[in-house]
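The values are calculated or read from the model by the stated rules, or taken from the named source; none is laboratory data. Remember, predicted model here, so these are calculated numbers, not experimental data. Don't worry about glycine lacking a Cβ; one is built from the backbone with ideal geometry, like all the others, and counts go over all protein chains shown. Side chains are part of the model used for accessible areas, which takes the heavy atoms of the whole protein and leaves out ligands, DNA and RNA. Shrake-Rupley method; radii C 1.70, N 1.55, O 1.52, S 1.80 Å.
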Amino acid sequence: MIYTGGTIAMSREQDVLRPPQDPSSFLSIAPEIHGLAEIEFVTLLNKDSTNMVPSDWSAMANAIHDRLDLGFGGFVVIHGTDTMHHSASALAFAFGSGLNVPVVFTGAQTDASVLHGDARINLIRAVRVALEPIAEVVIAFGDYVYRGSRAQKCDRRLFRAFESPAVPPVATISEKILLHPSVHRVTPEQRPLDFRPSFDADIVQVTLIPGLKPSLMAPLLESSSLHGIVLQCYGAGNVPDFEEYSFLPFIEEAFRRNIPLIITSQFSADSTDDSSYEPGVKAIQAGAIPTGNMTGAAAAVKFRWILSLLSQEIHSRVTVSSDKIARVKALMATPYVDEMD
Ligand code: ASP
């Protein structure tokens, strides 16, 4: 069990929820889990997940990778809900399709002092799910198990805090854990593991709102440390193309400067490669890279992962810098862990 923090373990002091002083006492909220499995508890981080950064994803991935050959049947990651879907996506890309054990993220909407809350039950359920022959990174929350790279947080109060908008859950938690046919199952023979736990730190995301002037964003393109831009658009990737509000010159300039720019949707996992509207089609023609029906979280995490991969390729001269955008486009369109259709 890799502990990183979150409400599930927080304590309330003067009505403010804070990470506990001593995370090692966390398992006392559900001592019965020791009857389900033999558990090694690792305090890796102790944060509100609001403060997670890409190097934390690498640390989580490494903590699991270091233990893969030590005989553990599964891993549970205790994590805050706010960015759990980002971390779960990151670990899915880090391990790729060769992962042959369950990696189960969980957290809670309430701390354990709320008797009718979900801290205790989610912990027990996550341990139970980690005993199943699941071979992928998942989020076990409430009554369902979601593919990590497809999930997103959908509510800040309800005990059903997560959803996977483009695909059904991979398992249902009832008296039995019902694995759905889509879940990746453990195989008897080991599969080759392509472990890549690095993520580019230097991207920005811009969310479109009506009347946003691209001229305010133009200085971004001058930054020598900027490696990529996520433009969160309307509908199926529609971008304003009218008068001084047109983002097309901004996209063209990013392209000219060899800065990859991906477009995501403000809708849940809408497909950004099939806009039939002129503003969407023109954005792609100007050089924007679509992200299919990935969630916004999965697309941004994959972008960081691919940019890191590419900087290694460019460093070792496998790819030339001038091919960067074409290569990002090809890799973004490649499904690695069922993160897109
Ligand atoms: N802010 C908290 C966190 O993400 C929320 C939670 O855990 O539910 O760590």
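Some observations on this one:
- Carbon and sulfur %, accessible surface of the stretch 189-341 computed with the full protein complex present, 1.4 Å: 53 percent
- For the stretch 298-337, a simple Cβ point-charge model (Lys and Arg +1, Asp and Glu -1, everything else neutral) yields a dipole of about 60 debye relative to the Cα centre.
- In terms of packing, defined here as the mean over residues of other Cβ atoms within 10 angstrom, the peptides 215-226, 321-332 line up highest first as 321-332, 215-226.
- The string of couplings for the stretch 134-150 from the Karplus curve (6.51, -1.76, 1.60, θ = phi - 60°) is 9, 10, 6, 8, 10, 10, 9, 8, x, 8, 10, 10, 10, 4, x, 7, 10 Hz, one whole number per residue in order, with x for Gly and Pro.
- Shape category assigned to the stretch 34-184 from the gyration tensor of Cα positions, a/c cut at 1.5: rounded
- Based on C-alpha pairs under 8 angstrom that are at least 6 apart in sequence, the chain has a relative contact order of 15 percent.
- When peptides 252-261, 121-130 are sorted by average Cβ neighbour count within 10 Å, with the highest value leading, the order is 121-130, 252-261.
- Computed over the alpha-carbon atoms, the stretch 99-155 gives an Rg to Rh ratio of 0.99, Rh here being the Kirkwood radius from the mean inverse distance.
- Listed by chain and number, the aspartates and glutamates placed with their C-alpha closer than 14 angstrom to that of Lys329 are Asp273; residues fewer than eight positions away on the same chain are left out.
- Net charge of Cβ neighbours under 14 Å - reference Asn62; Lys, Arg +1; Asp, Glu -1: -1
- Rg over Rh [alpha-carbon atoms, Kirkwood Rh] for the stretch 163-238: 1.17
- The equivalent ellipsoid of the stretch 1-109 has semi-axes of 23, 18, 11 Å, largest first, where each one is the square root of 5 times an eigenvalue of the Cα gyration tensor.
- 3J(HN,Hα) couplings calculated from phi for the stretch 212-227 with the Karplus curve 6.51 cos²θ - 1.76 cosθ + 1.60 (θ = phi - 60°) are, in sequence order, 6, 8, x, 4, 6, 8, 3, x, 3, 5, 6, 5, 6, 8, 7, 9 Hz; Gly and Pro show x.
- Reach of Lys213 by Cα under 23 Å, taken over lysines that are not fewer than 8 positions away in the same chain: Lys282
- Working note: Debye formula, equal point scatterers on the alpha-carbon atoms of the chain, no solvent; log10 I(q)/I(0) at q = 0.08, 0.09, 0.14 Å⁻¹ is -0.40, -0.50, -1.10.
- Of all the options Gln14, Gln232, Gln266, the one that moves most in a Gaussian network model of the chain with Cα springs shorter than 10 angstrom is Gln14.
- Solvent exposure of the chain, expressed per residue, is 45 Å² of accessible area, with all protein chains present and a 1.4 angstrom probe.
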